[in-house]
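Step one of this worksheet: look at the structure below.
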Amino acid sequence: MQDAIDADLAAEQRHLDATQDAYERILEALSRDRRANAVDEFSEEALERMRLERLRAYTAASGPLYFGRIDRDGERGPLYIGRHAIANEDNELLAINWRAPAAEPFYAATPADPRGLTRRRRLDIEDGRVHGYVDERLAGGPAEMHLTEAIVADITRQRVGEMRQIISTITPEQYALIARRVPGALVVQGGPGTGKTAVGLHRAAWLLYADPALARAGVLVVGPNRTFIAYISQVLPALGEQSVEQRPIDALVSVRPRMAPEPEARVALLGSGRMATLLARLLWEPVGPPDEPAEVEVLRRTVSLEPAEIAEVIRDARSRFRAYQAARERFRDRLADRVATRALEGRRGPTLASPAEVASAVRVSKAFQRLAGRSWPRRAPEALVESLFKNRRRLARAAAGLLSPAEVDALLAAGPPGPPGTMTPSVFALYDEARWLIDPDLRTFGHVVVDEAQNLTVMELRMIVRRAREQSVTVLGDIAQRTAGSGATSWEPVLEAAGVERMEVAELRVSYRVPGDFLRLAAAIAPRAAAAVPEGVREAPWPAVAVRTDAPDGLAAACAALAARMTADAGSVGIVVPAALRPALDAALAGIASTAAEDAEGGLSAGVDLLGLRAIKGLEFDAAIVVEPAAVLAEHPD
């Protein structure tokens, strides 16, 4: 038996050596500048771009050249699955890209549906050596789902302060979502540890491979805060995708909001999708013709316009443009043209000016400026947002049937928010909506991935959706943990309020990261109407325990001692602490913990990290401590 294993390892090493040699020849060829062979300047530039792009793709990805192998029915040879397509000088494929259609069986095959495979092999390769392998026999095997030793080993490997790519251990249900093409939004619902984030990031990489035009349109990844973005930031570069933009939600616009705590009731109201309707009503309410006929003098003639005529020009402009400013400019142009045409009617013989010159003269006349300004006033985003918080009569009229009187009172009590640099996140989402309504100047992307979406209000989700061309979005989240707005029990009403027109919802039901006993504990306190708690595939090496201390100063010391022991035994430790106890914990953990918050620029450490409840969501640690859970929940009653 051992002799057979040794022979297999030797054969695998020979294949790896041959693949490495071929890879180095590819890099050498790509490193040579071939522009001299071009026939013209255009071809020269195109060849250079192609060469540099291929060189970047081959050198950016990190890790072994391949990690798996599939053996197929019949006389066809095995296929090795890796980060690149690599062929030798005889054009024999030594490895294929994990995103290629031929690689699909490596991920999708199961004992119940082997996809033409007899065996799947996961290889342990490090520093150019094949150290071992795990085989999974597929043909004729049992039909039930099970985990290979390779997947379990990856699950239990210690965290190192940032998320890792998982291309070697993607499960069939995860791959089905990664490779799924849908019009509009794909919503990946899943409880803790089901791999939502990994699926979303690897789906972005898969889509970029499957659709080369997507790289030109751009891909954006949005997370709830800077700590989370730092945590996931290396996954796509490790897959060879360096051009994807990754931003926290508050970096979608140029002016960063002021990170200040806000009452939950205020966040819920300002984050409601009803605010988008209210802003639109307030914006368009002043637009309309005057009550009486208007007169404009041009070419020594007085042109009279009836309110119905002006209303017709307004309707034409609004039917052609969604944005307020673009429609306003068309209205002014068409109204000036109508006045000029009327001024030239009935004139005999040559005129002193052309119709275009007359229209230009009309536009600068004071009478026309007053008429156009009254019929369609100029609006600025800042002023539109401010109108949400003042003038009771106007606000109540616009909010009729939309907000309750108490909610109108709450808006007026809040007062104007101030300039963009001083706005809080909930108000900033309103400002972005106002910009989009009036004069949008947004960078849009071919696809957008939004993670931890349950933490975002409807208005924040609208910020993201409008940046995705044709609403091509991957939405990742757990509706059971939704903290923003009302207690929704499904994604459809939330995303419909965010403007999503087409969506498909898929659920990941197996938690690979979170132990089953922890999931059962969470199920005991989860909302009954929330999404189903996922099924765990392993038990925790340590049970969940409660530690009590009665000494006034003993809490911080007990936490520090527990964290030191956990990081020595388990690895990375995340500590959730209420704001009131933060100074004491900072002092007690000095020297063994780093700190992170929702707006922290740096990433996590591989040791002990002290965070607030909002910052820790979506992050993974080998162990976790919650200090005074009741106080944490009191700070975040949602």
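The values are calculated or read from the model by the stated rules, or taken from the named source; none is laboratory data. What you see is a predicted model, and the numbers here were worked out from it, not measured in a lab. A quick note on method: Cβ atoms are made from the backbone with ideal geometry, for glycine too, and the neighbour counts reach across all protein chains shown. Please note that ligands, DNA and RNA were not included when accessible areas were found on the heavy atoms of the full protein model with its side chains. Shrake-Rupley method; radii C 1.70, N 1.55, O 1.52, S 1.80 Å.
Determine if the stretch 221-231 includes at least one residue that is at pLDDT 95 or above, within 21 Å of residue 465 (Cβ to Cβ) and surrounded by 16 or more Cβ atoms within 10 Å (Cβ to Cβ).
yes
Residue under question is residue 449, and the condition is that it be of a type in the set (Val, Ile, Thr), open to solvent by less than 50 Å² (accessible area, probe 1.4 Å) and modelled with pLDDT of 95 or more; does it hold?
In short, yes.
Out of the residues in the stretch 367-411 that are in contact with a Gly (Cβ under 9 Å, 6 or more places away or on another chain) and of a type in the set (A, V, I, L, M, F, W, C), state the one that is modelled with the lowest pLDDT.
Step by step, filter the stretch 367-411, then rank; the result is 389.
Being open to solvent by 70 Å² or more (accessible area, probe 1.4 Å), under 24 Å from residue 281 (Cβ atoms) and either part of a helix (DSSP H, G or I) or touching a residue at least 60 places away in the same chain (Cβ under 8 Å) (or both) is the filter here, so list the residues in the stretch 362-396 that pass it.
Correct list: 374, 392, 393.
Residues are listed down the side, and each one gets a yes or a no for (1) of a type outside the set (A, V, I, L, M, F, W, C); (2) modelled with pLDDT of 75 or more:
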site: 594; (1), (2): yes, no
site: 597; (1), (2): no, no
site: 600; (1), (2): no, no
site: 604; (1), (2): no, no
site: 607; (1), (2): yes, yes
site: 612; (1), (2): yes, yes
site: 617; (1), (2): yes, no
site: 621; (1), (2): no, yes
site: 630; (1), (2): no, yes
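Look through the stretch 617-637, keep the residues that are open to solvent by 70 Å² or more (accessible area, probe 1.4 Å) and among the charged types (D, E, K, R), and return whichever of them is nearest to residue 549 (Cα to Cα).
It comes out as 628.
Need pairs with beta-carbon distance below 8 Å; first residue touching a residue at least 12 places away in the same chain (Cβ under 8 Å) and within the stretch 397-417, second surrounded by 10 or more Cβ atoms within 10 Å (Cβ to Cβ) and of a type in the set (Ser, Thr, Tyr); sequence gap 6+ or separate chains.
Short answer, once both residue conditions are applied: 402/277; 417/424.
Please determine, by comparing only the residues of the stretch 551-568 that are more than 17 Å from residue 604 (Cα to Cα) and touching a residue at least 40 places away in the same chain (Cβ under 8 Å), which one is surrounded by the fewest Cβ atoms within 10 Å (Cβ to Cβ).
Result: 562.
For a quick check of your reading of the model, give me the residue pairs whose first member lies in the stretch 287-304 and is among the polar types (S, T, N, Q), whose second is open to solvent by 50 Å² or more (accessible area, probe 1.4 Å), with beta-carbon atoms closer than 8 Å and at least 6 apart or on different chains.
Every condition considered, the pairs that remain are 302/295; 304/293; 304/295.
Considering each of 297, 306 in turn, give the residue that is open to solvent by 50 Å² or more (accessible area, probe 1.4 Å), charged (D, E, K, R) and modelled with pLDDT under 90.
297
For the stretch 334-352, indicate whether the set of residues that are under 39 Å from the mean Cα position of the chain (by Cα) and surrounded by 13 or more Cβ atoms within 10 Å (Cβ to Cβ) is non-empty.
Within the stretch 334-352, none of the residues are under 39 Å from the mean Cα position of the chain (by Cα) and surrounded by 13 or more Cβ atoms within 10 Å (Cβ to Cβ).
If the Cβ limit is 9 Å and pairs must be 6+ apart or interchain, which residue in the stretch 196-216 that is on the phi > 0 side of the Ramachandran plot pairs with which residue that is at pLDDT below 95 and among the small types (Gly, Ala, Ser)?
That search, which allows pairs on different chains as well, returns nothing.
Are any of the residues in the stretch 101-109 open to solvent by 50 Å² or more (accessible area, probe 1.4 Å) and part of a loop (DSSP other than H, G, I, E, B)?
Within the stretch 101-109 (the criterion being open to solvent by 50 Å² or more (accessible area, probe 1.4 Å) and part of a loop (DSSP other than H, G, I, E, B)), the answer is no, since none of the residues qualifies.
Being exposed (fewer than 15 other Cβ atoms within 10 Å of the Cβ) and either touching a helix residue (DSSP H, G or I) at 6+ places or on another chain (Cβ under 7 Å) or not hydroxyl-bearing (Ser, Thr, Tyr) (or both), is that true of even one residue in the stretch 419-429?
So far as the stretch 419-429 goes, yes, one or more of its residues are exposed (fewer than 15 other Cβ atoms within 10 Å of the Cβ) and either touching a helix residue (DSSP H, G or I) at 6+ places or on another chain (Cβ under 7 Å) or not hydroxyl-bearing (Ser, Thr, Tyr) (or both).
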